[in-house]
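Okay, structure first, notes after.
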Amino acid sequence: MNILETKDLTYSYPDGTLAVDGINIEIEKGKKIAFIGQNGSGKSTLFLLLNGTLKPNSGEILLNGIPFRYNAKSLREIRKKIGIVFQNSDDQIFAPTVYDDVAFGPRNLEFQTEEVRNSVNSTLGYMGLTKFKDKPPHYLSGGQKKKVAIAGVVAMEPDVIILDEPLSNLDPVGADEVVDLLNEFNHLGKTIIISTHDVDLASTWADVIYVINRGQIRASGHPRSIFSDRTLIEQSKLRLPTIVETYREFEARGIAEGHVPMTILDLVDSMEGPITDVRCAVADCPLQKGQKVGLIMREGTIFAVADIQNHVSGRTVSDAAPGNEVLVEDVKGSLISITGTIKVLQIPRVIEGGSKQVNLERISGIMSGFDRVGAMGTSAKVTSKKAGIHLNFEVDVIQSAMLSALRGFNCLVLASGGMADLVMERVSERNKSNNRQIQCSIEKI
Amino acid sequence: MKNLIDDYALMSPLRYSNNWLKLVIVTFGLLFGVSSTSPIMIFMIAICMSFATVYLGKIPIRFYIGLLLTPLVFAVMGSIVILFFFGSGNEVFSISILGSNLSVNREGFNMAVLVISRTISGMSCLFFLALSTPMVELFSVIKTSRIPDPLIELSMLMYRYIFVFLDVAMNIKYAQTVRLGYKDFLSSIRSMSMLLSTLFIRSWEQGEKTYLSMNSRCYDGKLTMSNTNRPVKISEVILTSSYFVFIIATSHFINYVSI
């Protein structure tokens, strides 16, 4: 089912600039969509059209199969279903306090006072903004302002959330948090559409990418198919994601092979086959040049030990004191033979009671025996904070856990509600395409 | 940005007390200050209000004293004039400067002390309100008075965007300064006029953008404010009424004694 669809959409500004030139898109419900293109390629104009703010010169937009109509009542319905977050948060946040700004949308939808309060409070709580409730927006940092802007739209409970350059001007942590929130909303069934010129974000995050250039859609499809096409990327004045560039270089040197990778995990998997015969290791004991050594993996680091029984073996290139790095050549055998496991703990979602429902002592009990811990989703993060658990990964959790498992760590992932199933899904998806299997189990708490 | 009165008001615990109660306390203080003729009582008001601001409102004392000093300087200068040139009655003391004799009378002296005490108590009352009631709280008070809605909405938007444009203006000023825009008087005038015109255009554009973003959230021409419901606590009622009773009773007592 296509939630949003356009047919030959064309729009030119009053001064004659053709900003959108015959665009046809079909957006499926519940997908993550990224529009990529250089500045001035027509992304923002397209978004204003999709929200009913601008009226196309020709062509039409269909929401759930019904064409847009531009009278006040229909527009209201459209804007209720399709929320838009602008690039500059200051354009959007206008009320004197955070609470009033988030309440603006719900009030316009004529929710009852009680409903407004509930929806605003739960949205703020969900996004971790409750402590800023009564503050004027100019007290907030860029990332917090962006979150308030998103909250203002989310509080209206739209089906589609459109974000224009959601990560511009954010610091890395702020950006990670926003991406995490978007994933969470997506998991709750919302369709998310973003525009960006950050190809690294688009390639790892999106389900479907539209490449837009001079008001036209140049290509659309899965990130892998888009970024495999070097000519397309060059013509659209974009660049390849760092991962793809790296892979191309490795491929040319015969180190990696297979699919074009989109994530670090893909890249690692593409390098599994050939093992280079030179490795860097940390000396476990005093070693002499030319000595035969065994290599073992301990806590994610390769150690060179004097004992060569039952280990991958090699010969040192230089002398080394314990703790120093040493180069080992003529390495024989596969180093990473043990794969760690992933265990998922399902934490109730915020609306189901969140961290209050969780027996913290029990979690601390389960903790032992795991080398790495991660948390995804608001309630899971709150729970881990309450239990005093140090988190090794908070963003991009699924990938980080799989990477750690491939290095031999046992990982515990606290996940809110349905996100736990998502972890299982992603792991089994990866296991299908690779022969090194990661064991994954789930437990409700 | 750091030293705006509004910033302190936002952090003050008194922010969450009932705004009308605060208004009543301040009105009482002001009325008492202008009607009483006893400097001791008026000083008492000043001390009580300052105590409430600094202790209950958790305002840094250095900042508070700094605030009070400004009006005090003016009051002292005014009262020096009053001291020497006003009133009649017994001569308290006199000094001679350049052969002319300047004398201070009992009445002039009293008048000068009264002026200073009224200034301080009046200012401490107003600062109590200003340092415990940020703009955002004031909006909800104004809303219950019968000021037309468009005016309140405009002032809300103005309040919000003052800070945005303050930032813009500071950034432009900085960008001009690093390129020697303020190296002499003439270039300062030119740079400043450029800054102002840019700011005007920016605010125009900002208006358009804000309208657009409000529209996309189903704006229908009215801004509703949240009704901040701040119930008056029993402890606050007791404290306030005992303050009133104390002030009134002592002032009667002093009157009685002086008669």
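The values are calculated or read from the model by the stated rules, or taken from the named source; none is laboratory data. Since the model is a prediction, treat every value here as computed from it, not as a measurement. Cβ placement follows ideal geometry from the backbone for every residue including glycine, while neighbour counts extend to all protein chains displayed.
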Do you know which residues across the stretch A:328-363 are at pLDDT 80 or above and small (Gly, Ala, Ser)?
A:Gly340
Restricting the search to the stretch A:110-122, which residues are within 31 Å of the chain's Cα centre (by Cα), facing chain B (nearest Cβ under 10 Å) and either aromatic (Phe, Trp, Tyr) or surrounded by fewer than 24 Cβ atoms within 10 Å (Cβ to Cβ) (or both)?
A:Val116, A:Arg117
Specify which of the listed residues (A:Lys80, A:Lys55) is away from chain B (no Cβ under 11 Å) and within 30 Å of A:Tyr13 (Cβ to Cβ).
A:Lys55
Of the conditions (1) in contact with a Lys or Arg (Cβ under 8 Å, 6 or more places away or on another chain); (2) under 30 Å from A:Asn183 (Cβ atoms), A:Lys43 satisfies every one except a single condition; which number is it?
(1)
Does the stretch B:35-47 hold any residues that are in contact with a helix residue (DSSP H, G or I) (Cβ under 9 Å, 6 or more places away or on another chain) and in a helix (DSSP H, G or I), and which are they?
B:Pro39, B:Ile40, B:Met41, B:Ile42, B:Phe43, B:Met44, B:Ile45, B:Ala46, B:Ile47
Would you say A:Gly369 is under 14 Å from A:Ser404 (Cβ atoms) and at pLDDT 75 or above?
no
Quick check on the stretch B:105-113. Is at least one of its residues surrounded by fewer than 19 Cβ atoms within 10 Å (Cβ to Cβ), more than 17 Å from B:Phe32 (Cβ to Cβ) and either among the acidic types (Asp, Glu) or within 19 Å of the chain's Cα centre (by Cα) (or both)?
yes
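Which ones in the stretch A:162-172 are surrounded by fewer than 23 Cβ atoms within 10 Å (Cβ to Cβ) and within 12 Å of chain B (Cβ to nearest Cβ)?
The answer is A:Asp164, and nothing else.
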For the stretch B:144-152, state whether one or more residues are within 28 Å of the chain's Cα centre (by Cα), within 15 Å of A:Ala95 (Cα to Cα) and not aliphatic (A, V, I, L, M).
yes
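Can you find a residue that is touching a Pro at 6+ places or on another chain (Cβ under 8 Å), under 30 Å from B:Ala9 (Cβ atoms) and either touching a residue at least 60 places away in the same chain (Cβ under 8 Å) or more than 14 Å from chain A (Cβ to nearest Cβ) (or both) anywhere in the stretch B:140-162?
Restricting attention to the stretch B:140-162, the residues satisfying the condition of being touching a Pro at 6+ places or on another chain (Cβ under 8 Å) are B:156, B:159-160.
From what's left, under 30 Å from B:Ala9 (Cβ atoms): B:156, B:159-160.
In the following step, the residues that additionally are either touching a residue at least 60 places away in the same chain (Cβ under 8 Å) or more than 14 Å from chain A (Cβ to nearest Cβ) (or both) were identified as B:156.
Yes, some residue in the stretch B:140-162 is touching a Pro at 6+ places or on another chain (Cβ under 8 Å), under 30 Å from B:Ala9 (Cβ atoms) and either touching a residue at least 60 places away in the same chain (Cβ under 8 Å) or more than 14 Å from chain A (Cβ to nearest Cβ) (or both).
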Could you grab me the full set of residues in the stretch A:123-133 that are under 19 Å from B:Arg230 (Cα atoms) and buried (at least 19 other Cβ atoms within 10 Å of the Cβ)?
A:Phe132
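For (1) more than 8 Å from every other protein chain (Cβ to nearest Cβ); (2) under 28 Å from the mean Cα position of the chain (by Cα); (3) not in a helix (DSSP H, G or I), each residue gets a yes or a no:
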{"position": "A:Ser74", "(1), (2), (3)": "yes, no, no"}
{"position": "A:Asp90", "(1), (2), (3)": "no, yes, no"}
{"position": "A:Gly125", "(1), (2), (3)": "yes, yes, no"}
{"position": "A:Gly143", "(1), (2), (3)": "yes, yes, no"}
{"position": "A:Leu181", "(1), (2), (3)": "yes, yes, no"}
Going by what's in this entry, would B:Thr53 be described as touching a helix residue (DSSP H, G or I) at 6+ places or on another chain (Cβ under 9 Å), among the β-branched types (Val, Ile, Thr), surrounded by 13 or more Cβ atoms within 10 Å (Cβ to Cβ) and within 22 Å of B:Val232 (Cβ to Cβ)?
yes
Could you please find all residues in the stretch B:1-34 being under 20 Å from B:Ile142 (Cβ atoms) and not in a helix (DSSP H, G or I)?
B:Leu4, B:Ser12, B:Ser17, B:Asn18
Across the stretch B:205-238, what is the total count of residues that are part of a loop (DSSP other than H, G, I, E, B) and more than 9 Å from chain A (Cβ to nearest Cβ)?
6
Mind listing whichever residues of the stretch A:21-42 are at pLDDT below 90 and either in contact with a helix residue (DSSP H, G or I) (Cβ under 8 Å, 6 or more places away or on another chain) or under 24 Å from B:Tyr219 (Cα atoms) (or both)?
A:Gly37
I need a count of the residues in the stretch B:146-178 that are at pLDDT 85 or above and outside any helix (DSSP H, G or I).
1
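Please list, ordered by residue number, the helices (runs of 4 or more DSSP H) wholly in the stretch A:205-263 having 2 or more residues that are farther than 22 Å from A:Leu18 by Cα and of a type in the set (Phe, Trp, Tyr).
Filter on the stretch A:205-263 gives A:242-252.
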Test B:Arg202 against the stated conditions and say whether it is within 14 Å of chain A (Cβ to nearest Cβ), within 30 Å of B:Ile45 (Cβ to Cβ) and surrounded by fewer than 17 Cβ atoms within 10 Å (Cβ to Cβ).
no
Can you name every residue in the stretch A:145-155 that is out of contact with any strand residue (DSSP E or B) (no Cβ under 9 Å at 6 or more places or on another chain), more than 18 Å from B:Met225 (Cα to Cα) and either of a type in the set (Gly, Ala, Ser) or within 13 Å of chain B (Cβ to nearest Cβ) (or both)?
A:Lys145
